[in-house]
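Structure record follows, encoded as structure tokens.
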Amino acid sequence: MYCLRCNRQIEAGGKSIALYMFAQTVGIKPRQKSAAHRVSFCPQCSVSLAMGPPPEGALNVAAWEMIRNLVGSDPALTEAAWEALSGVQGLLPTGTEGRPHYSQNAGYFEF
Ligand SMILES: [Zn+2]
């Protein structure tokens, strides 16, 4: 799975927002149903979208409102975005011999 907005790869079960969409006819027999589509947004894009202004288009606004709702209901997604942005995701304790540590000044992992 890839984030629809930034193309970042999202691992199976990784923190993200998934939107499922399908269309079906109503009041017509036999009922027609489209295939279901799934689009995903990584935590950074989810938070960015939720904090940003409403997009154009009725369908986009509907999706945006759902994303805002999820981002606003639990800080876990915001925390995941923060961790990814600040580069501390999965960080091991610093100063341990023989282990990579994150150089705060240089901004990269040192081995
Ligand atoms: Zn993204």
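Scanning region 9-45 for residues that are under 18 Å from residue 80 (Cα atoms) and either within 11 Å of the ligand (Cβ to nearest atom) or of a type in the set (A, V, I, L, M, F, W, C) (or both) yields 9, 10, 12, 16, 17, 18, 40, 41, 42, 43, 44, 45.
Where strands (runs of 3 or more DSSP E) sit wholly within region 15-111, none has at least 2 residues that are in contact with a His (Cβ under 7 Å, 6 or more places away or on another chain) and at pLDDT 95 or above. Between 36, 80, 23, 18, the distinction of being surrounded by 13 or more Cβ atoms within 10 Å (Cβ to Cβ) and either within 19 Å of residue 2 (Cβ to Cβ) or over 17 Å from the mean Cα position of the chain (by Cα) (or both) belongs to 80 only. Listed by first and then second residue, the pairs linking a residue in region 17-40 that is under 16 Å from residue 63 (Cβ atoms) and in contact (Cβ under 8 Å) with a residue 60 or more places away in the chain to a residue that is among the small types (Gly, Ala, Ser) and open to solvent by less than 80 Å² (accessible area, probe 1.4 Å), with Cβ atoms under 7 Å apart and 6 or more places separating them unless they lie on different chains, are 17/40; 17/46. Being under 17 Å from residue 79 (Cβ atoms), away from the ligand (no atom under 12 Å from the Cβ) and crowded, with 17+ Cβ neighbours inside 10 Å, is that true of even one residue in region 46-60? Checking region 46-60: at least one residue is under 17 Å from residue 79 (Cβ atoms), away from the ligand (no atom under 12 Å from the Cβ) and crowded, with 17+ Cβ neighbours inside 10 Å.
The values are calculated or read from the model by the stated rules, or taken from the named source; none is laboratory data. Treat the numbers as computed from the prediction; the structure is a model and nothing was measured. Note: ideal-geometry Cβ built from the backbone for every residue, glycine included; neighbour counts use all protein chains shown. Accessible surface areas use protein heavy atoms only, side chains included; no ligands, DNA or RNA. Shrake-Rupley method; radii C 1.70, N 1.55, O 1.52, S 1.80 Å.
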